[in-house]
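Enquirer: Below you will find the structure I want to go over with you.
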Amino acid sequence: MSKPVDNAVSTVRAYIETHHDAFLQDLAEWLRIPSVSAQPDHAPDVRRSADWLAAKLRETGFPTTEVWETPGAPAVFADWPSDDPHAPTVLVYGHHDVQPAAREDGWNTDPFEPVVIGNRLHARGAADDKGQVFFHTLGVRAHLAATGRTTPAVHLKLLVEGEEESGSPHFRTLVEQHRDRLTADAVIVSDTGMWSEDTPTVCTGMRGLADCEIELHGPDQDIHSGSFGGAVPNPATAAARLVAALHDDHARVAVPGFYDGITPLTDRERELFAELPFDEAQWLRTAKSHATHGEAGHTTLERIWARPTAEVNGIGGGYQGPGGKTIVPSSATLKLSFRLVAGQDPDHVEKAVTDWVAGRLPAGIRHTITFGAATRPCLTPLDHPALQSVVRAMNLAFDQKIRFTREGGSGPAADLQDVLDAPVLFLGISVPSDGWHAPNEKVELDLLKKGVETAAHLWGDLAENWRDAH
Ligand SMILES: [Zn+2]
């Protein structure tokens, strides 16, 4: 006698098999629209992509689908309330714009003419992010078919933005403007990846980002190093001294207050990171670096995922031309960035860095320090019930142990967490070989199917296990 869960798995798989060809044809139609947000020529295509998706989501069953305007490219919003008024509300995030792509960049086929080669679908956007948005359409249909429901088990919302590949300049404002419509108990981001084809993983957080530019001014103009040098402060030396003082001898950031408030990495998380089949030599080759280096007492994965960092992105000042020029330069510039982890407050970091810089400069060096807009870190604890639902749903789809990763980069997911005050979960099925932003981008058709299956199992699990917790 088979268990009900086996029945659910086989019903979902059968439904997906029946509808898989049509699903791929639809996805190919969407991938043919070159929705490149970075290139003004393609603005009509980005709009066409939004309209196409809105229509497809309506056809999928979402009773509400809207194209939301921004000062840049439009986003798509869709809403499918559950008939269960007590169900949790989930917002799925993705994007419908893509990176630029041209045949001459090294593509073997037309980037906007999707083609299946072997078990892979090649096209710009196949993995980043149209494929990952699109698995939710067949996923919710399979969920309904397998459960006999006419509405999803959760209140399901989708927000698919059109400017992610251009840095999401209007995203936060868009979310703030539509906060009432976007309210959710959890956000599911489908714009990330897994460890590899053989090691399915769920990402539990992303780092935040703060960055600044520091201008240092000494004499009002470049001056003779023989007549004045050694008797006045040099801004290039001051810049170098700041850089040299940024880290201590253990490669920890030496700015007082920088580590304040950090949520510590638990022993369990460290164990889970260590269980991943990480090949440091291979990683170094990918990094094109000749050695690892970082905060003492932490592994490479801990350093890039779970520890905050300070990086010198640029340093300049004085004479850079051929030969020598014996001057005390008038100015120098530093560009610094800081990756932040859960618990760190970007405003606090900004103030700590500002005070630290001001306190270390000698008399006669004037300075300005300018911060860009910060991105907050996000992290979902391993024991969060919604995260456990994602893991169970992936487990049904992959029939394998699901492991955990984090993401060292930063993204607009943090805006959703911030504005909506909801935990962010990551459901991505892409793998490193998919070639995001690179020529010959592809998605593995088997993994795409696993994405559909995961989505199909997730909504019922969330509704059942998170009813009272949300
Ligand atoms: Zn993306």
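Enquirer: Here is a list: THR286, THR263. Which entry is part of a helix (DSSP H, G or I) and β-branched (Val, Ile, Thr)?
Expert: On inspection, the qualifying residue turns out to be THR286.
Enquirer: Looking only at segment 342-401, filter to residues that are assigned by TED's automatic domain parsing to the domain that holds GLY167 and acidic (Asp, Glu); which one of those is most open to solvent (accessible area, probe 1.4 Å)?
Expert: That would be ASP399.
Enquirer: May I pose another question? Of the residues PRO85, PRO100, PRO81, which is in contact with a Ser or Thr (Cβ under 7 Å, 6 or more places away or on another chain), open to solvent by 10 Å² or more (accessible area, probe 1.4 Å) and either assigned by TED's automatic domain parsing to the domain that holds ALA438 or closer than 24 Å to PHE112 by Cβ (or both)?
Expert: None of the others qualify; the one that does is PRO81.
Enquirer: Within segment 242-255, is even one residue open to solvent by 70 Å² or more (accessible area, probe 1.4 Å), in a loop (DSSP other than H, G, I, E, B) and under 29 Å from LEU416 (Cα atoms)?
Expert: Looking through segment 242-255, none of the residues is open to solvent by 70 Å² or more (accessible area, probe 1.4 Å), in a loop (DSSP other than H, G, I, E, B) and under 29 Å from LEU416 (Cα atoms).
Enquirer: Look through segment 123-150, keep the residues that are more than 11 Å from the ligand (Cβ to nearest atom) and touching a Ser or Thr at 6+ places or on another chain (Cβ under 6 Å), and return whichever of them is least open to solvent (accessible area, probe 1.4 Å).
Expert: Step by step, filter segment 123-150, then rank; the result is THR137.
Enquirer: Within segment 438-456, does at least one residue satisfy the condition of being in contact with a Lys or Arg (Cβ under 8 Å, 6 or more places away or on another chain) and within 26 Å of THR263 (Cα to Cα)?
Expert: No, there is no match, as no residue in segment 438-456 is in contact with a Lys or Arg (Cβ under 8 Å, 6 or more places away or on another chain) and within 26 Å of THR263 (Cα to Cα).
Enquirer: Also: Restricting to segment 315-336, count the residues that are part of a strand (DSSP E or B) and open to solvent by less than 20 Å² (accessible area, probe 1.4 Å).
Expert: Matching residues across segment 315-336 total 4.
Enquirer: Name every residue in segment 217-241 that is of a type in the set (A, V, I, L, M) and either in a loop (DSSP other than H, G, I, E, B) or open to solvent by 70 Å² or more (accessible area, probe 1.4 Å) (or both), in order of residue number.
Expert: Of everything in segment 217-241, those that are of a type in the set (A, V, I, L, M) and either in a loop (DSSP other than H, G, I, E, B) or open to solvent by 70 Å² or more (accessible area, probe 1.4 Å) (or both) turn out to be ALA231, VAL232.
Enquirer: Having 1 or more residues that are over 26 Å from GLU164 (Cα atoms) is the bar; report the strands (runs of 3 or more DSSP E) wholly within segment 382-460 that clear it.
Expert: 403-407
Enquirer: Identify the single condition in (1) touching a residue at least 24 places away in the same chain (Cβ under 8 Å); (2) farther than 29 Å from PRO377 by Cα that ARG307 does not satisfy, given that it satisfies every other one.
Expert: ARG307 satisfies all of (1) touching a residue at least 24 places away in the same chain (Cβ under 8 Å); (2) farther than 29 Å from PRO377 by Cα except (2).
Enquirer: Moving on. State all residues of segment 14-51 that are out of contact with any helix residue (DSSP H, G or I) (no Cβ under 7 Å at 6 or more places or on another chain), open to solvent by 50 Å² or more (accessible area, probe 1.4 Å) and under 29 Å from ALA397 (Cα atoms); if no residue qualifies, say none.
Expert: ALA14, GLU17, THR18, ASP21, ALA22, GLN25, GLU29, ARG32
Enquirer: Which residue out of GLY226, GLY230, GLY261 is within 30 Å of the chain's Cα centre (by Cα) and small (Gly, Ala, Ser)?
Expert: Only one candidate passes the filter, namely GLY261.
Enquirer: May I ask you to verify whether VAL202 is of a type in the set (A, V, I, L, M, F, W, C), more than 16 Å from the ligand (Cβ to nearest atom) and within 18 Å of the chain's Cα centre (by Cα)?
Expert: yes
Enquirer: Taking into account only those residues within segment 443-470 that are touching a Leu at 6+ places or on another chain (Cβ under 6 Å) and open to solvent by less than 10 Å² (accessible area, probe 1.4 Å), which is farthest from the ligand (Cβ to nearest atom)?
Expert: VAL452
Enquirer: So which strands (runs of 3 or more DSSP E) stay within segment 1-118 end to end and still have 1 or more residues that are small (Gly, Ala, Ser) and in contact (Cβ under 8 Å) with a residue 24 or more places away in the chain?
Expert: Correct list: 75-80, 89-95.
Enquirer: If you don't mind, there's one more thing I want to ask. Pull up segment 151-191, narrow it to residues that are open to solvent by less than 20 Å² (accessible area, probe 1.4 Å) and in a helix (DSSP H, G or I), then point me to the one that is farthest from the ligand (Cβ to nearest atom).
Expert: This residue is LEU182.
The values are calculated or read from the model by the stated rules, or taken from the named source; none is laboratory data. What you are looking at is a predicted structure, and each value in this text was computed from that prediction instead of being measured. Backbone-built Cβ (ideal geometry, glycine too); neighbour counts: all protein chains shown. Please note that ligands, DNA and RNA were not included when accessible areas were found on the heavy atoms of the full protein model with its side chains. Shrake-Rupley method; radii C 1.70, N 1.55, O 1.52, S 1.80 Å.
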